[in-house]
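Before any comments, here is the structure.
The values are calculated or read from the model by the stated rules, or taken from the named source; none is laboratory data. This structure is a prediction, so every number in the text was calculated from the model and none was measured. Note that each Cβ is placed from the backbone with ideal geometry, even for glycine, and that neighbours are counted across all protein chains shown.
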Amino acid sequence: MARKRSKRTARYRAAQEAAQRPADGNTQGTGAAAAGSVAVGTSDPAALTVAGATVDAETIRVPIHEEELGARTHEVERGAVRIAKEVVSEEQTLAVPVVEERVRVVRHVVDRDATDADAADAFVEGTIAVPVRGEEVELTRTVRTVEEIEVEKDAVQHTEQVAGTVRREEIRVEGLHEADS
């Protein structure tokens, strides 16, 4: 345990010394104290807030961030289904029984004396009209409901594969030497 602590302490001191070494007057620093890095022992508090690091007595804590891919859904219109009714005409034939009268003239042989009524009409020309009746076919159309349709929608769930790029931070340690190997 003491050996691990001395290694950590040595690394801490090495990082602190490296951060305080800008001999050329460059305030940006070099190595581990470059832009966006945390320099332990620096008097610049902005160096700690840039990377989100915190420093206590012997420990520098640098949070490492990573994006996580997630997905959510929202409704969109995918189109429409059109249901159309068309009027189609077709020829139908019906067999309809029809009644009509026919005239038939039947002669009977009669041998008798004419009566007074028969004698009054004898030898007078004339025409007798006999009405003949019959049925004529007339087409009628009746509208009937023969079928109904119901339009229903069902929600069907399936799985889609989606991909996206995520970022993560990785740590790279440079310029530190192990004091106690």
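Please tell me if ILE83 is in contact (Cβ under 8 Å) with a residue 40 or more places away in the chain and either part of a loop (DSSP other than H, G, I, E, B) or of a type in the set (D, E, K, R) (or both).
Working: in contact (Cβ under 8 Å) with a residue 40 or more places away in the chain: yes; either part of a loop (DSSP other than H, G, I, E, B) or of a type in the set (D, E, K, R) (or both): yes.
For ILE83, the condition - in contact (Cβ under 8 Å) with a residue 40 or more places away in the chain and either part of a loop (DSSP other than H, G, I, E, B) or of a type in the set (D, E, K, R) (or both) - is met.
Pairs only if they're at least six apart or on different chains, beta carbon under 8 angstrom, first in the range 112-135 and free of Cβ contacts under 8 Å to residues at least 60 places away in the same chain and under 26 Å from GLU101 (Cβ atoms), second in a loop (DSSP other than H, G, I, E, B) and among the small types (Gly, Ala, Ser); list them, first residue then second.
Qualifying pairs under 8 Å: none.
Rundown of residues vs (1) surrounded by 10 or more Cβ atoms within 10 Å (Cβ to Cβ); (2) under 30 Å from ALA163 (Cα atoms), yes/no style:
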site	(1), (2)
GLY52	yes, yes
ILE64	no, yes
ALA84	no, no
LEU94	no, no
HIS108	no, no
ASP116	no, no
VAL124	no, no
THR140	no, no
GLU147	no, no
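Output the residues belonging to the range 125-171 that are under 30 Å from VAL105 (Cα atoms) and either modelled with pLDDT under 95 or assigned to a loop (DSSP other than H, G, I, E, B) (or both). Step through it out loud before you land on a result.
Here is the first cut: in the range 125-171, the residues under 30 Å from VAL105 (Cα atoms) are 125-137.
Matches in the range 125-171: GLU125, GLY126, THR127, ILE128, ALA129, VAL130, PRO131, VAL132, ARG133, GLU135, GLU136, VAL137.
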